[in-house]
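The values are calculated or read from the model by the stated rules, or taken from the named source; none is laboratory data. All figures in this text were calculated on a predicted structure; none of them were measured in a lab. We place every Cβ from the backbone using ideal geometry, glycine too, and count neighbours over all the protein chains shown.
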Amino acid sequence: MKISPAKENILKRVRNALSQSVQLPFPNSEGNSSVFRTENESLELKFAEEFSRLQGKFVYCTSKGEMMDSLRALCENKEWHNVYCQTPALLKTIRPEELPVLNQGSMHEADAAITDCEYLVARTGTVVLSAAQPSGRALPVYAPVHIMIAYTHQLVFDLKDALSKLRDKYGNDLPSAISFATGPSRTADIEKTLVVGIHGPKEVYVFLVDE
């Protein structure tokens, strides 16, 4: 196939451009430095503010005992009959004798689901989840209410910090899916009207336990 002189000229210019090193327009934006200020800012407070702004429900707990008290009160207030959890580490703390509505049916019958998470991103109020967690991919989006139990050591400032920690944690064996949940599921595709809970849980809770 014969290439026209005009097309050959364009391809030549493209090849020449690709062979030259290009100066980044904003070199200071690359690398480990963050463009966002973090001075004098509590990660717990920042996450709580951003997560609540996105209609998430934030519960700060000074101990695991306080977390259990708050969880029981929430279940009683909502009159839930089946709160489903399949995370072994959480089931060591949240036992059926302390939370009678725990696993009183299948995942498909759950009023709410309890899972852990990978990290909490303070700057955006985002929860990082992965397919490597015992809850898998389905549980965090299947139940109408999603409750996440997290600990203060899981707080990071920005998304790049969470991704860096994921690489350190899993190395070359990264989970098959990594998702970022920023508040309850929502869409405005239908007549530009905001609808909450359309593609996942309509209520999202984070219980942050201070270690």
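All but one of (1) closer than 30 Å to Lys160 by Cβ; (2) surrounded by fewer than 18 Cβ atoms within 10 Å (Cβ to Cβ); (3) modelled with pLDDT of 95 or more; (4) not acidic (Asp, Glu) hold for Val127; which doesn't?
(2)
Test of understanding: among Asp69, Asp111, Asp116, which residue is surrounded by 15 or more Cβ atoms within 10 Å (Cβ to Cβ), of a type outside the set (A, V, I, L, M) and either in contact with a Gly (Cβ under 8 Å, 6 or more places away or on another chain) or within 14 Å of Phe207 (Cα to Cα) (or both)?
Asp116
Conditions tested, residue by residue: (1) at pLDDT below 85; (2) touching a strand residue (DSSP E or B) at 6+ places or on another chain (Cβ under 7 Å).
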site: Gly136; (1), (2): no, no
site: Leu155; (1), (2): no, yes
site: Lys169; (1), (2): no, no
site: Gly197; (1), (2): yes, no
site: Gly200; (1), (2): yes, no
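Scan the stretch 143-153 residue by residue and report those that are surrounded by 17 or more Cβ atoms within 10 Å (Cβ to Cβ) and either of a type in the set (S, T, N, Q) or not in a strand (DSSP E or B) (or both).
Ala143
Touching a residue at least 24 places away in the same chain (Cβ under 8 Å), assigned to a strand (DSSP E or B) and buried (at least 22 other Cβ atoms within 10 Å of the Cβ) - does that describe any residue in the stretch 131-142?
Looking for residues that are touching a residue at least 24 places away in the same chain (Cβ under 8 Å), assigned to a strand (DSSP E or B) and buried (at least 22 other Cβ atoms within 10 Å of the Cβ), one finds none in the stretch 131-142, hence no.
Quick grid of which residues meet (1) in contact with a helix residue (DSSP H, G or I) (Cβ under 9 Å, 6 or more places away or on another chain); (2) aliphatic (A, V, I, L, M); (3) part of a strand (DSSP E or B); (4) at pLDDT 75 or above:
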{"residue": "Leu18", "(1), (2), (3), (4)": "no, yes, no, no"}
{"residue": "Ser33", "(1), (2), (3), (4)": "no, no, no, no"}
{"residue": "Glu41", "(1), (2), (3), (4)": "no, no, no, no"}
{"residue": "Lys46", "(1), (2), (3), (4)": "no, no, no, yes"}
{"residue": "Phe58", "(1), (2), (3), (4)": "yes, no, yes, yes"}
{"residue": "Asp69", "(1), (2), (3), (4)": "no, no, no, yes"}
{"residue": "Ala73", "(1), (2), (3), (4)": "no, yes, no, yes"}
{"residue": "Leu90", "(1), (2), (3), (4)": "no, yes, no, yes"}
{"residue": "Leu99", "(1), (2), (3), (4)": "yes, yes, no, yes"}
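Could you go through the stretch 1-13 and let me know if any residue there is assigned to a loop (DSSP other than H, G, I, E, B) and either modelled with pLDDT of 75 or more or hydroxyl-bearing (Ser, Thr, Tyr) (or both).
Checked the stretch 1-13: at least one residue is assigned to a loop (DSSP other than H, G, I, E, B) and either modelled with pLDDT of 75 or more or hydroxyl-bearing (Ser, Thr, Tyr) (or both).
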